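Participant: Quick one: structure below, then a few questions.
The values are calculated or read from the model by the stated rules, or taken from the named source; none is laboratory data. Please read these numbers as outputs of a predicted model, since none were measured by experiment. Every residue, glycine among them, receives a Cβ derived from its backbone with ideal geometry; neighbour counts consider all protein chains shown. These area figures cover heavy atoms from the full protein model, side chains too; ligands, DNA and RNA do not enter into them. Shrake-Rupley method; radii C 1.70, N 1.55, O 1.52, S 1.80 Å.
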Amino acid sequence: MKDGKLVIFSAPSGAGKTTIVKHLLSLNLNFGFSISATTRKPRGQEQNGKDYYFISVDEFKLKISNEEFLEWEEVYPGCFYGTLKSEVERICKNGQNILFDVDVVGGSNIKTYYGEKALAVFIQPPSIQELENRLLARSTDCQDVIKERIAKAEHEMTYADLFDIIIINDQLEVALQEAEEKVSEFLETSPDTKNCG
Ligand code: ADP
Ligand code: 5GP
């Protein structure tokens, strides 16, 4: 298997992206996870430096002015997320493929930047109602945060066509299998991109 490939996962919040990304990371596909910086607080079992780099808004803004981000977005009002250039370099230096978990705007920007070197995957929920059910069942966010995420989801769904493939996450086992197959095929057949340049 060749190394240095990029795979991007994007979806409205609650679609199951993190679940699918964690599954892919557990397989023997030589992936390094691009740990984003965020100004939101950790939730559940999340750990700094593993799930995210949890930083203050001031630190985030300093990194913007120092041009440390490949891309960044104010995904929700007052809540910033960004992909650090240093993460891409770290993972490339390790000789690994890179897995990104970013919002739909960030995902389409990274895809535009890397073109055919990247596989952009959109995870689609069966419906907005199911999205809400999942966020409620996950029990990691308060009512207001869930409302904010649901309100945004309809617009986020309109980005699906900008992605290389759409996986509908209805039955989780089916979606995991499809993600595994599509990503493995991309890693095996796409051109080598050493250094991710
Ligand atoms: P995201 O990262 O897109 O916000 P998560 O992976 O955290 O979404 O999934 C949201 C919640 O839905 C989690 O509690 C997860 O266990 C659950 N979930 C994921 N996929 C499915 C599915 N196919 N059916 C039911 N629940 C699911
Ligand atoms: P959450 O708060 O649920 O972890 O993430 C909210 C949204 O922000 C998700 O769609 C997630 O993929 C996205 N996100 C996480 N990291 C980044 C990043 O580095 N850049 C962008 N643009 N979005 C991100």
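Participant: Given a 1.4 angstrom probe, what's the average accessible area per residue across the chain, in square angstrom?
Facilitator: Accessible surface, normalised per residue, equals 50 Å².
Participant: With the dipole of the stretch 2-155 worked out from charges on the C-beta (+1 for Lys and Arg, -1 for Asp and Glu) around the Cα centre, which of Val121, Leu24, Ala11 lies farthest toward the positive end?
Facilitator: Checking the options against the dipole of the stretch 2-155, the answer is Leu24.
Participant: Would you mind classifying the stretch 78-184 by shape? Square roots of the alpha carbon gyration tensor eigenvalues, ordered a ≥ b ≥ c; an a/c under 1.5 is rounded, otherwise it is prolate if a/b is larger than b/c and oblate if not.
Facilitator: Since a/c reaches 1.5 and a/b is larger than b/c, the shape of the stretch 78-184 is classed as prolate.
Participant: Hey, another quick one. Would you work out if the chain is rounded, prolate or oblate? Take a ≥ b ≥ c from the square roots of the eigenvalues of the alpha-carbon gyration tensor; rounded if a/c is under 1.5, else prolate when a/b is larger than b/c, oblate otherwise.
Facilitator: Oblate shape, in that a/c is at least 1.5 and b/c is the bigger or equal ratio.
Participant: The stretch 1-61 to the stretch 137-174: how many Å between their Cα centroids?
Facilitator: Centre-to-centre distance over Cα atoms comes out at 16 Å.
Participant: With all protein chains present, how much of the accessible area of the chain (probe radius 1.4 Å) comes from carbon and sulfur, to the nearest whole percent?
Facilitator: C and S atoms contribute 50 percent here.
Participant: What value, in deg cm²/dmol to 500, does the helix sum -39500 (n - 2.57) over DSSP H runs of n ≥ 4 give at 222 nm once divided by the residues of the chain?
Facilitator: Rounded to the nearest 500, it is -13000 deg cm²/dmol.
Participant: So if I place +1 on the C-beta of Lys and Arg and -1 on the C-beta of Asp and Glu, and nothing else carries charge, what would the dipole magnitude of the stretch 15-68 be about its Cα centre? I want it in debye, nearest 20.
Facilitator: Around 260 debye, computed over the stretch 15-68.
Participant: Something else about it: Give, as a single signed number, the net charge of other residues whose beta carbon lies under 13 Å from the beta carbon of Arg138, with Lys and Arg counted +1 and Asp and Glu -1.
Facilitator: Net charge in that neighbourhood comes out at 0.
Participant: A further question follows. Can you tell me the dipole magnitude for the chain around its Cα centre, using point charges on the Cβ only (Lys, Arg +1; Asp, Glu -1), in Debye to the nearest 20?
Facilitator: Its charge dipole is roughly 520 debye.
Participant: Something else now. For the stretch 75-130, what does the alpha-carbon gyration tensor say about shape, rounded, prolate or oblate, given a ≥ b ≥ c as the root eigenvalues, a/c under 1.5 as rounded, and a/b over b/c as prolate?
Facilitator: prolate
Participant: Which Cα, out of Asn169, Gln47, Ile98, lies furthest along the positive dipole direction of the chain (beta carbon charges, K/R +1, D/E -1)?
Facilitator: After comparing all options, I get Gln47.
Participant: Would you please give the residues with an amide H less than 5 Å from that of Asp101, counting only those at least 5 places away or on a separate chain, with H modeled from the backbone geometry?
Facilitator: Phe9, Ser34
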